[in-house]
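Visitor: Below is one structure. I have some questions about it.
What follows draws every value from the coordinates through simple rules; no lab data is involved. Model, not experiment: these values are computed from the prediction. Cβ atoms come from the backbone with ideal geometry, glycine included; neighbour counts cover every protein chain shown.
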Amino acid sequence: METASGATVMVVDDEQDIRDASERILNRAGFQALKASGGDEALDILEKERIDIVLLDLKMPGMDGLEVLKRIRQLSETIQVIVITGYATVETAIEAMKKGAYDFIPKPFEPDQLRIVVNRAWEKIRFIQEAHRLEQERSRTLYDLDTEKSRIRTIIESFPSGVVVIDPKGHVVLMNPAFKKLIGLDPGVTPGRPIKDYLPNSEVCRMALEISQGKHVDFDDIPNLEFSLGDNRYIMARGRPVLGQKKECLGAILNLVDITSMRLLDQLKSEFVAKVSHELRSPLSTIHEQLAIVIRDMVGEETIQDQHILARAREKTKGLISLIGDLLDLSRIEEGIICHEPQPVRLDELLKNIIDFLKPSAQKKNQSLTLSLPEQALPELVADPIALESIFGNLITNAINYTQDGGEINVTADMAGINIRIRVKDNGFGIADKYLDKIFERFYRVKDDKTRYITGTGLGLPIVKGLLDSIGGIIDVESEFGKGSVFTVLIPVKL
């Protein structure tokens, strides 16, 4: 057992034999012992000496033990009080423990009894001291950032973006000039208050507090948050935990960046895409229909070559019209505009309708297109039906396009926990591993000897991903080059 060197025990008892015997036992156990014959004397010693443990008799003339205990608690919460009591006053000892005594020992007691109970009290004191030391060390680690001698502080102050550091209680320990300027704080404002007193967005403050308390030790699960400061100013906040040497969470650091110009650029881009798309779609549709009429009216073997050229031109105009439609869809998704308000949707019926609509396209390639549904009807979703049609229409169309003639496409739907799971599986061309992390990028298309002649915009999968994000769904893909792909969609039932 660890030595009690430096620990001081005061014995308060009106019986001298008890005081002297306790002193001998405690000295042999490595404690320093002081003695007091009554409550007044004990309180005088407490004002002059540092006392760790008090052995306190409850039945004393003058000031009784309970009153002395009350006075001790007023002086210190850390002194451990062990009451000494006769068997007739055990109930009084229990009352004393309710009022803050650590333990009690009945008279008469054996030396081993006294050593055991005092050592337990001393172990508790050392535990409290160690916890306090660790807390101070942790706090000092963060608060030292705000001292002039901190090299880290100098680096943080030079950052062009706003930086603020908080402790586990949510109090700001450091903020750089860029943060104050970004939020509109007075340059002379000092740290020390809760984060909510400096940052006007409650959602970001809540995220920062959760991070500082160790709820996001895994960096990958921390979302970036955007918020407005008014006057069309937008800020993006990124949060990360501050970890100690043993990976314990010491607090959180927030990085704030002004993204107003980026938001303005996105808005201008969306407006440009929408305007140009609307201006182009009408004349292209007219050209497309006029080409169909011209081709229909051309007869004779001498026009076969011309028909082929015009057919290719009509195919290209169809591709441009499709591209314009996809660009408009992406523009609406970015602006948070969904075609219709959410409404009850029977997903099994919606999938049947999509399969029926696309089956002729599969039959032209001699492909098998099937739908497998569970025996029990799928639960009703509350979602945008147009968005769902676009999601599964794109996925199944892709499967048809990227599967060879005579191939198989199977769509299955079932429950996976609280989600409806839909799989679109094919035995087509497949996707090499090096392309899997790129297929949801805009305009990206896998091109090889088998796919180079497949027409498309490269926007179908980005649209699917954007629509799923907007309704709280997720998508995953598994694929093996030359053997086929499986796209899995999860949509929560309670949207």
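Visitor: Using a Förster radius of 30 Å, what is the FRET efficiency between Lys70 and Glu110 based on their Cβ-Cβ separation? Nearest 0.05, please. Walk me through the numbers before you get to the answer.
Guide: Values: r = 29 Å, r/R0 = 0.98.
That pair, Lys70 with Glu110, gives E of 0.55.
Visitor: Please sort 187-193, 201-207, 45-51, 172-178 by packing, taking for each peptide the average over its residues of neighbouring beta carbons within 10 angstrom, highest first. Spell out each step's value before the answer.
Guide: On the way: 187-193: 11.0, 201-207: 16.7, 45-51: 13.6, 172-178: 21.7.
Final packing ranking: 172-178, 201-207, 45-51, 187-193.
Visitor: Sticking with this structure for a sec: Report D for the range 147-258 in µm² per second (integer): Stokes-Einstein, Kirkwood Rh on Cα pairs, 37 °C, 0.692 mPa s.
Guide: 232 µm²/s
Visitor: Please give the FRET efficiency for Glu349 paired with Phe481, using the beta carbon to beta carbon distance and R0 = 30 Å, rounded to the nearest 0.05. Before the final figure, lay out the partial values.
Guide: Details: r = 35 Å, r/R0 = 1.17.
With a Förster radius of 30 Å, E is 0.30.
Visitor: With r defined as the distance between the Cβ atoms of Glu210 and Arg296 and R0 fixed at 56 Å, what FRET efficiency is calculated, to the nearest 0.05?
Guide: On the way: r = 66 Å, r/R0 = 1.17.
Given R0 = 56 Å and the Cβ-Cβ separation, E is 0.30.
Visitor: Here is a follow-up. For a 31 Å ceiling on Cα separation, which of these pairs sit above it: Lys316/Lys365; Lys247/Lys438; Lys180/Lys465; Lys352/Lys434; Lys365/Lys438? Show your work: numbers first, answer last.
Guide: Working: Lys316/Lys365 21 Å; Lys247/Lys438 34 Å; Lys180/Lys465 37 Å; Lys352/Lys434 34 Å; Lys365/Lys438 27 Å.
Flagged as over cut-off: Lys247/Lys438; Lys180/Lys465; Lys352/Lys434.
Visitor: List the residues whose amide H sits under 5 Å from the amide H of Gly86, counting only those 5 or more places along or on another chain, with H placed 1.01 Å from N in the peptide plane.
Guide: For Gly86, whose amide H was placed from the backbone, the distant partners under 5 Å are Lys107.
Visitor: Using the per-residue mean of other Cβ atoms lying within 10 Å as a proxy for protection, in what order, highest first, do the peptides 460-472, 406-418 fall? Walk me through the numbers before you get to the answer.
Guide: Details: 460-472: 19.6, 406-418: 15.8.
Order by mean packing, descending: 460-472, 406-418.
Visitor: Length gain on complete extension for the stretch Arg240 to Gln404, per 0.36 nm per residue less the alpha carbon to alpha carbon distance? Before the final figure, lay out the partial values.
Guide: Details: separation 164, 0.36 × 164 = 59.04 nm, distance 4.77 nm.
Once the chain is fully extended between Arg240 and Gln404, it gains 54.3 nm.
Visitor: Modelled label-to-label distance, Asp469 and Asp40, 7 Å Cα→beta-carbon offset: nm?
Guide: Label-label distance for Asp469 and Asp40, simple model: 7.9 nm.
Visitor: Additional query: Within 14 Å, Cβ to Cβ, of Ala208, how many net charges do the neighbouring residues add up to if Lys/Arg are +1 and Asp/Glu are -1?
Guide: Numbers: positive: Lys169, Arg193, Lys196, Arg206, Lys215, Arg238, Arg240; negative: Asp167, Asp197, Glu203, Glu210.
Net charge in that neighbourhood comes out at +3.
Visitor: When a/c is below 1.5 the answer is rounded, else prolate if a/b is larger than b/c, else oblate, so apply that to the range 169-233 with a ≥ b ≥ c taken from the square roots of the Cα gyration tensor eigenvalues.
Guide: On the way: a/c = 2.18, a/b = 1.32, b/c = 1.65.
Verdict is oblate for the range 169-233.
Visitor: Which one, Ile222, Asn255, Leu174, is farthest towards the positive end of the dipole of the range 147-258 when Lys and Arg carry +1 and Asp and Glu -1 on their Cβ?
Guide: The listed residue farthest towards the positive side: Leu174.
Visitor: Further question: Multiply the residue gap between Lys316 and Asn224 by 0.36 nm, knock off their C-alpha separation, and tell me the result in nm, one decimal place. Don't jump to the answer; show the numbers that get you there.
Guide: Values: separation 92, 0.36 × 92 = 33.12 nm, distance 4.07 nm.
Gain on extension, Lys316 to Asn224, equals 29.0 nm.
Visitor: Hey, can you rank 117-127, 31-41 by average C-beta count inside 10 Å, highest first? Numbers along the way, then the final one.
Guide: Details: 117-127: 17.3, 31-41: 18.8.
With the highest mean Cβ count within 10 Å placed first, the list reads 31-41, 117-127.
Visitor: Pull up all non-local amide H partners of Gly251: gap of 5 or more, or a different chain, and H-to-H distance under 5 Å with H placed in the peptide plane.
Guide: Answer set, sorted by chain and number: Val242.
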